[in-house]
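Just below is one structure, and these are the notes that go with it.
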Amino acid sequence: MSEKKGLSRREFLKASGAAAAVAAAPKLYVPPLINRRRQNTVVMRQQPFAWDAINAVLPEFEEATGLTVLLEPGVSSGVDHLTEVTTAYAAGDSPWDVVSDSDESGPVLARAGWLMPLDDVIPQETWDDFPPIMLDALDLWHRYDGATYRIPHEFAIAYFFYRKDIFDERGLQVPTTWEEMLEVGLQLTDRDNGVYATQDSLTRNGLMFVYCAYLACQTNGQIFEFDDGTAMALHLLYNMMHTLKIFPETALNDVYDQQNENYMNDKVMFMRQWPYFQSVAEANTAWYNPDKVAIAVPPAGRPGPGSWWGGWGWTIPTFAPNPDGAKELIKFITSPEIVPRLAEGQSWFNMPRTSILNYFEGKPNPVLEAMGMYAAAGVPRPRPFHARGAEAQTVVDDIASLYLTKQETLLNALKLGKERMADLG
């Protein structure tokens, strides 16, 4: 099978409608004087897997400002994140100055008045660096009542990673439809040795929602409506897990770390996963080979291939202990001259920003190549939105879990899901 190398920068910009976003070369970062009477520490909450990339650029910021940045760990689940930060903010306090907030948390926290507006913090040259495909989502996910409260640092679209080495060895083609996926899955599964064709993380802290919504966007299903497309998605998952047994039941208790370990321990042959996995795999030098983490267009449901996109973004809590330092850090770390270096250090930070595409022109970057390939194939779909997002996702988690653990029939589960969504309003 011939490999697609993805699009060139010019082709990707055209595919994503971002050609108008090409801006002049960014200026070097020159910070203003910080009020020295304020504390000289800025605390950033961020997932640990991104720390190495962030630490690589912080010395420049610290030397220029005289500030010290401390990193504190954040969680991977947006629902868990919302629970944790809400506990602090509701008490009128924040241990952090800059926080990486999820799609689940950002809109909720902005509406609660717990985030500072960023319109006077982020310069126009930074916004000019974003393509329309990301700017179009700002009003829904990053703004409230005319003000901007969150700036994206991630273009999170889940990729279809597969073991090209094993596919080639067995003479198998990458599945392009659900039907082909099930057929290939049966050939790749060896339950006696703990090998499954595929898996995802299905714990009820928002991760179940992630995978169910991924499948539903391949049916044009509206996941929060529990419609026919959602029924098709849930039935496919049930079929993989219980009927064909190519998807382990243990995934109901797995988080992403366990999913990734299963893949890198040669127990999973293909999977949906976020782009940060590329860096996780490359860091496992004893195991890594590019053919072990090849990326293909996801198998298509009836409307075609699909994978929704969203992402995390940086915010400043209203109760930040050092708001002046926080503003300088968020301005620095989102600037066009810094984001390419973050993207080089961790694939999670790869975005179709002009500065990043310019930086990687002519350089190998599997995630950006896949991003272009997905754009050309019409894969990206908008993330499902609900004004009470975290609660709505919890409903999906609960209902899908009832069905997948055989506590409810599909028909009853869908009925219950519609009732619970109606209660949310």
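The values are calculated or read from the model by the stated rules, or taken from the named source; none is laboratory data. Quick caveat: nothing in here was measured; it's all calculated off a predicted structure. Note that we place each Cβ from the backbone using ideal geometry, even for glycine, and neighbour counts take in every protein chain shown.
Looking only at the range 221-259, count every residue that is assigned to a loop (DSSP other than H, G, I, E, B), closer than 24 Å to Ala390 by Cβ and not charged (D, E, K, R) and tell me the total. Please lay out each step first, then the result.
Applying the first criterion (assigned to a loop (DSSP other than H, G, I, E, B)) to the range 221-259 yields 221-222, 226-227, 244-248, 254-255.
Remaining after also requiring closer than 24 Å to Ala390 by Cβ: 221-222, 226-227, 254-255.
Those left that are additionally not charged (D, E, K, R): 221-222, 226, 255.
Qualifying residue count, the range 221-259: 4.
So, Ala375, is that one of a type in the set (Gly, Ala, Ser), farther than 23 Å from Ser100 by Cβ and surrounded by 21 or more Cβ atoms within 10 Å (Cβ to Cβ) or not? Steps first, answer last, please.
Values: of a type in the set (Gly, Ala, Ser): yes; farther than 23 Å from Ser100 by Cβ: yes; surrounded by 21 or more Cβ atoms within 10 Å (Cβ to Cβ): yes.
In short, yes.
For Trp309, indicate whether it is under 17 Å from Arg150 (Cβ atoms) and crowded, with 24+ Cβ neighbours inside 10 Å.
Numbers: under 17 Å from Arg150 (Cβ atoms): yes; crowded, with 24+ Cβ neighbours inside 10 Å: no.
Taking the combined requirement at face value, the residue does not satisfy it.
Among the candidates Glu408, Glu391, single out the residue that is part of a helix (DSSP H, G or I) and not assigned by TED's automatic domain parsing to the domain that holds Arg143. Steps first, please.
Values: Glu408 fails: part of a helix (DSSP H, G or I).
Answer to the check: Glu391.
Would you confirm whether or not the range 160-176 contains a residue that is touching a residue at least 40 places away in the same chain (Cβ under 8 Å), closer than 25 Å to Asn358 by Cβ and assigned to a loop (DSSP other than H, G, I, E, B)?
No, the range 160-176 contains no residue that is touching a residue at least 40 places away in the same chain (Cβ under 8 Å), closer than 25 Å to Asn358 by Cβ and assigned to a loop (DSSP other than H, G, I, E, B).
What residue, of Leu182, Leu186, Leu207, Leu215, is surrounded by fewer than 16 Cβ atoms within 10 Å (Cβ to Cβ) and of a type in the set (A, V, I, L, M, F, W, C)?
Numbers: Leu182 fails: surrounded by fewer than 16 Cβ atoms within 10 Å (Cβ to Cβ); Leu207 fails: surrounded by fewer than 16 Cβ atoms within 10 Å (Cβ to Cβ); Leu215 fails: surrounded by fewer than 16 Cβ atoms within 10 Å (Cβ to Cβ).
Exactly one of Leu182, Leu186, Leu207, Leu215 is surrounded by fewer than 16 Cβ atoms within 10 Å (Cβ to Cβ) and of a type in the set (A, V, I, L, M, F, W, C), namely Leu186.
Hey, any hits in the range 357-371 for a residue that's part of a loop (DSSP other than H, G, I, E, B), touching a helix residue (DSSP H, G or I) at 6+ places or on another chain (Cβ under 9 Å) and in contact (Cβ under 8 Å) with a residue 24 or more places away in the chain?
Checking the range 357-371: at least one residue is part of a loop (DSSP other than H, G, I, E, B), touching a helix residue (DSSP H, G or I) at 6+ places or on another chain (Cβ under 9 Å) and in contact (Cβ under 8 Å) with a residue 24 or more places away in the chain.
Which of the residues belonging to the range 93-141 are in contact (Cβ under 8 Å) with a residue 24 or more places away in the chain, in a loop (DSSP other than H, G, I, E, B) and of a type in the set (Asp, Glu)?
Listed by number, the residues that qualify are Asp93, Asp97, Asp103, Glu104, Asp119, Asp128, Asp129.
Keeping to the range 48-92, report how many residues are part of a loop (DSSP other than H, G, I, E, B) and not hydrophobic (A, V, I, L, M, F, W, C). Full working, then the answer.
The initial filter retains those residues of the range 48-92 that are part of a loop (DSSP other than H, G, I, E, B), namely 66-67, 74-77, 90-92.
In the following step, the residues that additionally are not hydrophobic (A, V, I, L, M, F, W, C) were identified as 66, 74, 76-77, 92.
Here the count works out to 5.
Scan the range 195-222 for residues that are farther than 16 Å from Leu404 by Cα and free of Cβ contacts under 8 Å to residues at least 60 places away in the same chain and jot them down.
Within the range 195-222, just Gly221 meets the criteria.
With respect to Asp80, determine if the residue is among the charged types (D, E, K, R), touching a residue at least 60 places away in the same chain (Cβ under 8 Å) and touching a helix residue (DSSP H, G or I) at 6+ places or on another chain (Cβ under 9 Å). Before you say what the answer is, go through the steps one by one.
Numbers: among the charged types (D, E, K, R): yes; touching a residue at least 60 places away in the same chain (Cβ under 8 Å): yes; touching a helix residue (DSSP H, G or I) at 6+ places or on another chain (Cβ under 9 Å): no.
No.
Would you tally the residues in the range 120-146 being surrounded by fewer than 17 Cβ atoms within 10 Å (Cβ to Cβ), under 17 Å from the mean Cα position of the chain (by Cα) and under 16 Å from Ala110 (Cα atoms)?
Number of matching residues: 2.
Restrict the check to the range 362-372 and report whether at least one residue is touching an Asp or Glu at 6+ places or on another chain (Cβ under 8 Å), crowded, with 19+ Cβ neighbours inside 10 Å, at pLDDT below 95 and closer than 30 Å to Ile133 by Cβ.
Pass one, the range 362-372, residues touching an Asp or Glu at 6+ places or on another chain (Cβ under 8 Å): 372.
Keeping just the survivors that are crowded, with 19+ Cβ neighbours inside 10 Å gives 372.
Next cut, at pLDDT below 95 only: 372.
Next, only the ones that are closer than 30 Å to Ile133 by Cβ stay: 372.
Within the range 362-372 (the criterion being touching an Asp or Glu at 6+ places or on another chain (Cβ under 8 Å), crowded, with 19+ Cβ neighbours inside 10 Å, at pLDDT below 95 and closer than 30 Å to Ile133 by Cβ), the answer is yes, since at least one residue qualifies.
When the range 315-342 is examined, which residues are found to be within 17 Å of the chain's Cα centre (by Cα) and either over 30 Å from Pro298 (Cα atoms) or free of Cβ contacts under 8 Å to residues at least 60 places away in the same chain (or both)?
So in the range 315-342, the residues within 17 Å of the chain's Cα centre (by Cα) come out as 315, 339, 342.
Within the range 315-342, Thr315 is the sole residue that qualifies.
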